1. Has segment 301-314 got any residue that is at pLDDT 70 or above and either surrounded by 12 or more Cβ atoms within 10 Å (Cβ to Cβ) or within 28 Å of A366 (Cα to Cα) (or both)?
2. Taking the criterion of being at pLDDT 85 or above, surrounded by fewer than 13 Cβ atoms within 10 Å (Cβ to Cβ) and not acidic (D, E), would at least one residue in segment 210-225 satisfy it?
3. May I ask you to list the residues in segment 226-266 that are at pLDDT below 70, buried (at least 16 other Cβ atoms within 10 Å of the Cβ) and assigned to a helix (DSSP H, G or I)?
4. Can you find even one residue in segment 66-78 that is at pLDDT 85 or above, outside the structural domain of Q483 (by TED's automatic domain parsing) and within 30 Å of A435 (Cβ to Cβ)?
5. Looking at A636, A622, A587, which one is touching an Asp or Glu at 6+ places or on another chain (Cβ under 7 Å), in the same structural domain as G575 (by TED's automatic domain parsing), closer than 17 Å to K560 by Cα and modelled with pLDDT under 75?
6. Within segment 90-135, considering only helices (runs of 4 or more DSSP H) that don't extend past its boundaries, which have at least 2 residues that are surrounded by fewer than 14 Cβ atoms within 10 Å (Cβ to Cβ) and either at pLDDT below 90 or on the phi > 0 side of the Ramachandran plot (or both)?
7. Specify which of the listed residues (A386, A435, A451) is modelled with pLDDT of 75 or more and out of contact with any strand residue (DSSP E or B) (no Cβ under 7 Å at 6 or more places or on another chain).
8. Restricting to segment 699-734, give me the number of residues that are farther than 15 Å from I481 by Cβ, of a type in the set (A, V, I, L, M, F, W, C) and at pLDDT 75 or above.
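The values are calculated or read from the model by the stated rules, or taken from the named source; none is laboratory data. Predicted model, so just to flag it, every value in this text is computed and none were measured. Neighbour counts run over all protein chains shown; Cβ positions are idealised from the backbone, glycine included.
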Amino acid sequence: MLERTGYPEAGLPQPSDIKTIDLARLVSLVRRQGLVLASCVALMLLLAGVYLTLAPRSYVSAGQILIDRNLEQVTGENGTTSTSATDLEAQVLNQVEVLRSSRVAKAVARAENLMTDQQFLNPPPSFSQRVRGLVGMGPPPRPATLEATLDEVVGMLRANVQVDRMGRSSIIRVGYEAATPELAQRIARAYAEALLQDQLNAELEATGAAADWLQQRLAEIGESQRQASLAIEKYRQETGLTVGQDRDLTTQRINTLSNQLAEAQAETVRLRALSAQLKSVVEAGPESASNYVSLLGGTQADPAEIAALRNQVATLASRIGDVEAKYGADHPQLANLKAEKAALDNRIFALLQNLDEQYRTQYTIAQEQETGLRADIDAEGHSAGAISQEQVRLNELQQRSDALRSLYNSYLTRYEEAVQRQSFPIPSVRIVTDALLPENPSSPRTIIIIAAAVIAGCFIGAVIGLLNELRERGFRTGAQIRQQLGLRFLGYMPRLQLDAARPDESLRGAVRTALAPRMGRRWGAPLAETLKTTRLLLQPVADRGTAVLGILSVLPGEGKSTVALALAEILTASGARVLLIDADEGAGSHSGLPVRLLPSQLGDWRKVAAADPETGLVRLSAASPEAGSGDLSSVAMQKVLAEARGQFDYVILDLPALGTVVDAFSVLPFTDASILVAEWGRTPRRVLRTMLEHEPELADHTIGVILNKVDLGALPRFTELGGIERFAYRGERRRIGSGKEAAPN
């Protein structure tokens, strides 16, 4: 038996038949679905052309309006007041809603007399109306509208007006879409003027209402202020008080007495300190009186006398010190000096005693003065409390009168400002750009419509192409065979167009033509290369003896009979002895091989085998009694295969489809190898892979897979970048064979 070549990538798990699409797969997908994409794009472009032809033209004219609150402050005092970002945002949004309101729309309708404007009331029919009119499904054309109500016109205006804020600025874009450029410009300008006039009217109304209210309040406040003044005068007459006068006098007297009391307290403290010091000096006696001569400086004594006393004290002290230093303490002159110093001390002591008497007298007087001031302050306090209640009431009346006077002055100022603004109103908006006459229609936009059609066509085409790819369940390339089945790929068999009347001769001619020299890249090359590859695989077995080969397929009608016959023809053409057994009972006429049912008395299969006199190919039908009457597991079939091994180089069995009957599995043990035939793009990958997974003996017995009925012209589109099929079969369109009536392979 031939050794089977395995491919490791087939052992990897296969999550689904559709793997992740990479760049190469994407390019291949586009190549395969290019016609679908082009058709969808062309269809969408056609629809876009129809829309551009039937859709009515519309024009948009727009102007720009600036919202500037500083204009209102030109005549005011706070003209430099800044507006916060939040307030500015609210102002702009408010004006946007005002422009969209029915109030402004009514003003525009009245200003332009749109209720009877025929151009405005009778726009051209829409795209849908024109389409329904063309197909005859729409209502009959309505007569022209001569006049409309104000509410109807307002609804039309609000439906077509365009109000947008320009970025984050204070500028509002106001536009209108109409059937003609002139009408669009006229209504857009009318909207701007209507907003300006609405602002003026609103300013006048608000200012007038404020002035009237202020005038009423001024009258009320003036009367209240007059009543408050009368109440003050009446209370003054009843109490005899003046506002703040008596209280101020009392307060001044109390303040004066308080200051005097503070001075008296300070003098008392000073005298008490001096008196205490002199008292201590007097109590010390006259011996140390000379040491306190400085205390006499603050008295009324003669300063010259005091200075003389200081000099005498200093002179005596100096002389006593000199004598003691020179002559000692026993010198007679020292006694005279001490006697003189004692007389001087007595004199100073007498002066200090007099000064002590003076300070004690002054201290007593200061205490009495302090006591008197305290009594005066208490008396003034009691006097002030007696009039405090009446004074508080008078102050309350005066404060109320002052408050009413201030309020009256404030309202009077605001009233004058309101009257001034009534005479000179300034709106908070101004037109910065007038609406111009549009030159080109705003819709339909040709470039955008065409671009949208192309994008939509590409999207729809991509969806349809993706659905086509998802529906793709068959094998298209040899790489898929190797990757998903792990089997050797033997080659492509192009779709053969055989003559139904003579299929054998047509196939034989096709094989001979394919084997002709210098075929190059023509249609015969894939057929010949596939058959040659199969022959080379079988050659080692044929060299050792007869090679018994089974031709299998999963589903009927995949062309395995044609492959078997073509392989037999090429082997016969190479000089080998070949026996072709038609074991596919259900093939019937589809196989292209004759079913021979001979009398049962003929027991030798060689007698019922038919030999082609031209090529020498021997064919036998397994349905004959000599071959087992179609029972592939019968002794007769085993006998045929055993006897054929000694007489033929190759025995080829055209076996039934694996998915319908089990006869093919019964004869596999008697064959050397098998070849699977899968129809290009038709045999489900999952079915074939499941069959091989459930029947491992079949997978081990199979030496390769042939893709049959291949469209060589379409094959490059299913090949990834770098695949040999992209270059080897480019431009192939021809099918083998001729004839008016064809039999499929």
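1. yes
2. yes
3. Within segment 226-266, D246, R247, T250 meet the criteria.
4. Checked against the condition, which is being at pLDDT 85 or above, outside the structural domain of Q483 (by TED's automatic domain parsing) and within 30 Å of A435 (Cβ to Cβ), segment 66-78 yields at least one hit.
5. Among A636, A622, A587, only A622 is touching an Asp or Glu at 6+ places or on another chain (Cβ under 7 Å), in the same structural domain as G575 (by TED's automatic domain parsing), closer than 17 Å to K560 by Cα and modelled with pLDDT under 75.
6. The helices (runs of 4 or more DSSP H) meeting that bar are 118-121, 127-135.
7. A451
8. 2
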